[in-house]
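Notes to accompany the following structure.
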Amino acid sequence: MKFLLKLMLLLSFASIAFAQTHQATGVVKRIEAAKGVVSVKHDPVKSLNWPGMTMNFSVRDPKLLAGVKPEQQIKFEFVEEKGRYVITGIK
């Protein structure tokens with residue numbers, strides 16, 4: 001039983017550590033810097049089989065939003081964490 005518990009714990013950490021990174025391009029529609037949230041109208045994301053859409057993303061580090069403005073075209077990377085999509089990089 002202890003072995004099974006340890007294995008389940010190890011697998012849960014592994015899934016977090018090896019989260020797949022997705023890349024997308026889009027246009028910033030709204031920024032909520034205090035909440036660490038940005039709304040992006042993004043192009044299709046092939047790695048997730050998503051069509052283009054507008055959606056909110058959390059940002060891992062609020063500093064990523066420095067210099068980003070509404071209607072700005074961006075390239076960004078994101079991962080899924082705990083059921084939400086989190087931007088890890090913006091270019």
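Quick notes on this one:
- Cross-chain or 6+ apart pairs with Cβ under 6 Å, the range 35-53 first and within 16 Å of residue 72 (Cα to Cα) and of a type in the set (A, V, I, L, M), then modelled with pLDDT under 95 and surrounded by fewer than 12 Cβ atoms within 10 Å (Cβ to Cβ): none
- Matching residues in the range 54-84 - criterion: being within 17 Å of residue 36 (Cβ to Cβ) and in contact (Cβ under 8 Å) with a residue 40 or more places away in the chain: 68, 69, 70, 74, 76, 77, 78, 79, 80, 81
- Filter pass, residue 52 being within 12 Å of residue 26 (Cβ to Cβ), exposed (fewer than 14 other Cβ atoms within 10 Å of the Cβ) and either out of contact with any Lys or Arg (no Cβ under 9 Å at 6 or more places or on another chain) or not hydroxyl-bearing (Ser, Thr, Tyr) (or both): yes
- Residue, surrounded by the most Cβ atoms within 10 Å (Cβ to Cβ), within the range 79-91, restricted to residues that are out of contact with any Lys or Arg (no Cβ under 9 Å at 6 or more places or on another chain) and not acidic (Asp, Glu): 85
The values are calculated or read from the model by the stated rules, or taken from the named source; none is laboratory data. Just so you know, these numbers come straight off a predicted model, no measurement behind them. Glycine also receives a Cβ, built like all others from the backbone with ideal geometry; neighbour counts cover every protein chain displayed.
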